[in-house]
Amino acid sequence: MLSARGLTKKFGGVVVAQDLDLDLELGRVVALIGPNGAGKTTLFNMLTGFVRPDGGTISFDGRRIENMPAHQRARVGIARTWQRPRLFESLTLLDNVMVSERDYLGESIGNLIFRHGEVERAEDDARDRALGFLDRVGLAARADSLSTRLSYGQQKLVGLARALMNDGRCILLDEPMAGVEGRTIETMKAVVRAEAEAGKAICIVEHNIGFIRDICDSAVFMFNGRIVASGSIDDLLADKRLGALYFGSHA
Amino acid sequence: MTEFFLTMAILAGLNVLLASGFNMILGYGGLVSVAQPVFYAIGAYTSALLSMKLGVPLPLAMLAGAALAAIASFGVSLPSLRVSGDYLVIASMGFQLGIVHVINNIELTGAASGLSGILSAVEGPGRSWIYAAIVWTICAVVILGIRWLVTGPYGRAITAMRNDEEAFASLGRDAMRIKVTLFAVGSGIAGLAGALYGHYFLFLTPDQFGIFSSATLLTMVVVGGAATVRGPVLGAILLTVLPEAIRFLQLPVSIMAPLQGVLFSALVILFIFLKPEGLFGGTAVGGLEAWQGRGTARSKAGGRV
């Protein structure tokens, strides 16, 4: 589905990605683990078009996409969330999710004028679907609130709902559990698990080991911009060398 | 005296159009441009020349002026926005200075001595009354059009784009397309205002369209309230009337002349620091955020790597 080969990136003299390969398959959940600064988010940013790699290729569904702008990658089916929720703070929750409709007809003034009826119908559909996603994350009752009135964990759930609204077959989740607490933990787990079971290709950057064990099929361990190990979760967690890298001690 | 007030009303209406157009670019688009006066000029000269030289009927000539201003805007926005929003400031400055220089030097536009003999849209004793009514009717149509555009699905997209452009792109939305469109709409409205100017005042010189008018328009948008529909309307009326009102104080010319410039600059600075949402606005948004440096912190991809 999504396949990266030899992705390399330097910021100044610092190598943040060195010859990275990654394969995501439909119906599989891959964890991307490693200490802070390993290059996990940079890898996400390269896959989604927000950081241009110095070298390497990315293909999605048999198509080369490494030169595609970010918004087009979302439109071919790669959805993502961010470490911080990054919600649109002047918009209500409903509008936050609605604006993520894949074919957003209202983005063109031409459509607004010449395909007015179609835009109206699309808006009605989008509103129903958006309310459905807000319901899945337990926030349908607050559809008309501004995002700034929500807890951090709730904002992350809206971020997830927004990514799901985009309807990509591939989803990249950047630390979905970070800052999530209380009741929202179970909601987050349940929604991500449901997406995995629905057959999406999912990659998750996460530090919460319980969550990873619970949901992911395999893991890739990154350190200093390199992939140093990949395989089953249990094997990686049992590897003392990786534990030492993770916690920064010198094994 | 009536004539004076009608002229003021017409100028206020034209400023409402210019400021509302500039607000599409600065307020809603979050783009910083200084080329609004030159799009005003393009509309004015195009409409005047089409009607004088080719006999094009005035309404058509005016629309052509607006259309050419909108089309010309792509020449600024497409190359510069492809690189980054910051380049638009420089590209717009180059375009503004370059086109005014051309107008200043070619015979077609009357060069530096100006273009006279422009056809009047309305003749007869009630000329100013009728023209003021025409200008304000067009203002009403444009304002309603802007309101229609910025509410509903397009407005939702614009707001999301301004809040967080990268998150917006990650959802498949094309920020570049929206910015280029808003820039064209704002420029087209300026072109329309220019066309209306020419067929009433009947004389154009390049000096009227200098880069410094951008500062006046900026003041109108900032004082009224950027990224709101009514902000630039009320800001434009207020700042058309205010300088004239000061004249009634009968201050000596040596004080009056610089006072206006100082007043406008002071207003922009005061409002950006003390009341960034403007007199009639809700929350501070758009280009002003970028100027205050608030926009930069949240526009970086990701966070920790």
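Only one of the listed residues (B:Ala301, B:Ala290, B:Ala227) is at pLDDT 80 or above and within 24 Å of B:Gly85 (Cβ to Cβ). That residue is B:Ala227. With respect to the conditions (1) surrounded by fewer than 19 Cβ atoms within 10 Å (Cβ to Cβ); (2) on the phi > 0 side of the Ramachandran plot, A:Arg142 falls short on a single one, namely (2). The single residue among B:Val142, B:Val185 that is within 25 Å of B:Val16 (Cβ to Cβ), part of a helix (DSSP H, G or I) and more than 14 Å from chain A (Cβ to nearest Cβ) turns out to be B:Val142. Could you say which residue among B:Ser20, B:Ser33, B:Ser47 is among the small types (Gly, Ala, Ser) and at pLDDT below 95? Only one candidate passes the filter, namely B:Ser33. Taken as a whole, the structure leaves B:Arg177 outside the set of residues that are at negative phi and assigned to a loop (DSSP other than H, G, I, E, B). Would you be able to say whether some residue in the stretch A:22-44 is under 18 Å from the mean Cα position of the chain (by Cα), modelled with pLDDT of 95 or more, over 20 Å from A:Glu206 (Cα atoms) and away from every other protein chain (no Cβ under 14 Å)? Among the residues of the stretch A:22-44, not one is under 18 Å from the mean Cα position of the chain (by Cα), modelled with pLDDT of 95 or more, over 20 Å from A:Glu206 (Cα atoms) and away from every other protein chain (no Cβ under 14 Å), which makes the answer no. From the residues in the stretch B:35-68 that are hydroxyl-bearing (Ser, Thr, Tyr) and closer than 12 Å to B:Val100 by Cα, which one is nearest to the chain's Cα centre (by Cα)? Across the stretch B:35-68, the extreme among qualifying residues is B:Tyr40. Quick check, is B:Val76 among the hydrophobic types (A, V, I, L, M, F, W, C), more than 23 Å from B:Trp136 (Cβ to Cβ) and part of a helix (DSSP H, G or I)? In short, yes.
Give the stretch A:114-129 a look and list any residue that's surrounded by 17 or more Cβ atoms within 10 Å (Cβ to Cβ) and within 11 Å of chain B (Cβ to nearest Cβ), or say none. Answer for the stretch A:114-129, where residues must be surrounded by 17 or more Cβ atoms within 10 Å (Cβ to Cβ) and within 11 Å of chain B (Cβ to nearest Cβ): A:Val119, A:Ala122, A:Glu123, A:Ala126.
Scan the stretch A:92-135 for residues that are polar (S, T, N, Q) and more than 30 Å from A:Gln155 (Cβ to Cβ) and the total you get is 1. On inspection, B:Ala70 does not qualify as closer than 17 Å to B:Met24 by Cα and in contact with a Leu (Cβ under 6 Å, 6 or more places away or on another chain). Restrict the check to the stretch A:157-165 and report whether at least one residue is in contact with a strand residue (DSSP E or B) (Cβ under 6 Å, 6 or more places away or on another chain) and within 13 Å of another protein chain (Cβ to nearest Cβ). Yes: one or more hits.
State whether the residues of the stretch B:188-202 include one that is within 14 Å of chain A (Cβ to nearest Cβ) and closer than 30 Å to A:Asn166 by Cα. Looking through the stretch B:188-202, none of the residues is within 14 Å of chain A (Cβ to nearest Cβ) and closer than 30 Å to A:Asn166 by Cα. Restricted to strands (runs of 3 or more DSSP E) entirely inside the stretch A:1-110, those with at least 1 residues that are not aliphatic (A, V, I, L, M) are A:2-11, A:14-24, A:55-60, A:78-80. Consider the stretch B:145-165 and keep the residues that are of a type in the set (D, E, K, R) and more than 8 Å from chain A (Cβ to nearest Cβ). The one that is nearest to A:Glu118 (Cα to Cα) is B:Arg147.
A Cβ distance below 6 Å, combined with a sequence gap of six or more or placement on separate chains, defines the contacts here; from the stretch B:133-145, residues that are surrounded by fewer than 17 Cβ atoms within 10 Å (Cβ to Cβ) reach residues that are not acidic (Asp, Glu) in the pairs B:Trp136/B:Gly13.
Total residues in the stretch A:73-113 satisfying the condition of being more than 7 Å from chain B (Cβ to nearest Cβ), surrounded by fewer than 19 Cβ atoms within 10 Å (Cβ to Cβ) and more than 19 Å from B:Thr151 (Cβ to Cβ): the figure is 2. Scanning the stretch A:59-82 for residues that are closer than 27 Å to A:Val192 by Cα and in contact with a Ser or Thr (Cβ under 7 Å, 6 or more places away or on another chain) yields a total of 8. For the stretch B:19-33, the set of residues classified as among the hydrophobic types (A, V, I, L, M, F, W, C) and buried (at least 24 other Cβ atoms within 10 Å of the Cβ) consists of B:Ala19, B:Phe22, B:Met24, B:Ile25, B:Leu26, B:Leu31, listed by residue number.
The values are calculated or read from the model by the stated rules, or taken from the named source; none is laboratory data. These numbers were taken from a predicted model, which means no experiment stands behind them. All Cβ positions, even for glycine, are placed from backbone atoms using ideal geometry, and neighbour counts span all protein chains on display.
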